[in-house]
1. Quick one: pull the percent of accessible area on the chain belonging to carbon and sulfur, 1.4 Å probe, ligands and nucleic acids left out.
2. What does the net charge come to around THR68 if you take all other residues with beta carbon closer than 12 Å to its beta carbon, with K and R at +1 and D and E at -1?
3. About the Cα centre of the chain, what is the dipole size in debye to 20, counting +1 per Lys and Arg Cβ and -1 per Asp and Glu Cβ, all else neutral?
4. Quick one: helix 2-20 against the long Cα principal axis of the chain, what's the angle to the nearest 10°, folded into 0 to 90?
5. Which log10 I(q)/I(0) values, to two decimals, does the chain give at q = 0.14 Å⁻¹ under the Debye formula with one point per Cα?
6. Between LEU45, CYS62, ALA27, whose Cα lies farthest towards the positive end of the dipole of region 22-81 when Lys and Arg beta carbons carry +1 and Asp and Glu beta carbons carry -1, centred on the Cα centre?
Amino acid sequence: MAEKKTAKKSFSLAEQILEQIPAVVMAIDTDMNVIYMNAAGRSFLGKDSGEILGKTCSDLFCSAHCGTSDCCMKKAMTDGI
């Protein structure tokens, strides 16, 4: 039980830190769905979490690279770069 509380506190601290970063920080799952975006990202998009979470990153950042072999998000997940 103590481990669970510690993990929860750590996540809260990590999230607080991510929220303070003045650059867009986003996490996506393997299906390219946004599972987290910090305050800077929400501000940049002019949307709240409810309008962002669960959308694909290409829905939010429509780049010429989306869905291609040049997709930086896919490269980061598969190649670690």
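The values are calculated or read from the model by the stated rules, or taken from the named source; none is laboratory data. From a predicted model like this one, the values you see are computed outputs, not experimental measurements. Backbone-built Cβ (ideal geometry, glycine too); neighbour counts: all protein chains shown. Accessible surface is based on the protein model in full, side chains and every heavy atom, while ligands, DNA and RNA are left aside. Shrake-Rupley method; radii C 1.70, N 1.55, O 1.52, S 1.80 Å.
1. 59 percent
2. Charge balance near THR68 sits at +1.
3. In debye, rounded to 20, the chain gives about 280.
4. Once rounded, the angle reads 50 degrees.
5. Values, matching the q order: -0.55.
6. LEU45
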